[in-house]
Amino acid sequence: MTVIAHIVSSLPLPLQWGLALLIFGGGLLVFAVRRSALRIAGAVAAVFGAGGLIASWILSPALIVAAPYAVRIVSPAPGTAVGAPLTLTVCGVTASGGLKPATSAQYFLAVILDGVQAPTVDVWNIPVNLSAGRHTVEVELVSPSHQAFNPPATFTETITVVPGATPAGPGSC
């Protein structure tokens, strides 16, 4: 159900709940009720719910539009050794090359640390506590419904955490 909520979260709330009720309520009728008329109605409801889900997924504007700007990790600087905990500063890079905060009410960041996605955030200064060693950090600009843009706006950097080094603080855009 979480996957469906993420996919249709850009839809109005009543429509989200309606699709969920059609899919799961219809499926429940198919498997729990013995009367054939109710089973057929449940199957039809589940199919319509799934069709609505697929249509909303295909027609979602977040899947077919380009990102408004590129993203870049500006702090810590590439190649520097830092201490933990640290704060990642992620900026948006405009077409003219200017920097701006990467997040807003319309744009969130998906953070992937060593191949594992951390919670999606709506802040551009992200506190991170990494263990000592080399780490791959990837950030991706996503919609508020956690959908990637097409083409995706991503940035990957390798960060080396050294015990006793100065932690990277928040930077500015």
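The values are calculated or read from the model by the stated rules, or taken from the named source; none is laboratory data. As the structure is a prediction and not an experimental result, all values here were calculated from the model. As a convention, Cβ positions derive from the backbone with ideal geometry for all residues, glycine included, and neighbour counts pool all protein chains shown. Remember, those area values only see protein heavy atoms, side chains included, never the ligands or the DNA or RNA. Shrake-Rupley method; radii C 1.70, N 1.55, O 1.52, S 1.80 Å.
Observations on the model:
- Here region 145-173 is the region considered, the condition is being modelled with pLDDT of 90 or more and polar (S, T, N, Q), and the residue that is surrounded by the most Cβ atoms within 10 Å (Cβ to Cβ) is THR154.
- Answer from SER96, SER143 - the residue that is in contact with a helix residue (DSSP H, G or I) (Cβ under 6 Å, 6 or more places away or on another chain) and hydroxyl-bearing (Ser, Thr, Tyr): SER143
- Strands (runs of 3 or more DSSP E) lying entirely in region 112-170 (those with 2 or more residues that are acidic (Asp, Glu)): 133-142
- Subset of region 126-144 [farther than 15 Å from ALA81 by Cα and either surrounded by fewer than 17 Cβ atoms within 10 Å (Cβ to Cβ) or touching a Phe, Trp or Tyr at 6+ places or on another chain (Cβ under 9 Å) (or both)]: PRO127, GLU138, VAL139, GLU140, LEU141, VAL142, SER143, PRO144
- Every pair of residues 6+ apart whose Cβ atoms lie under 6 Å, when the first sits in region 76-103 and is open to solvent by less than 10 Å² (accessible area, probe 1.4 Å) while the second is assigned to a loop (DSSP other than H, G, I, E, B) and polar (S, T, N, Q): GLY83/THR166
- THR103 on the phi < 0 side of the Ramachandran plot, in a strand (DSSP E or B) and not small (Gly, Ala, Ser): no
- Selected residue (only one of ILE40, ILE58 is open to solvent by 40 Å² or more (accessible area, probe 1.4 Å), modelled with pLDDT of 80 or more and in a helix (DSSP H, G or I)): ILE40
- ILE112 vs. criteria within 22 Å of GLY169 (Cα to Cα), surrounded by 16 or more Cβ atoms within 10 Å (Cβ to Cβ) and under 17 Å from the mean Cα position of the chain (by Cα): no
- Only a single criterion out of (1) aromatic (Phe, Trp, Tyr); (2) at pLDDT 80 or above; (3) touching a helix residue (DSSP H, G or I) at 6+ places or on another chain (Cβ under 8 Å) is not satisfied by PHE31, namely (3).
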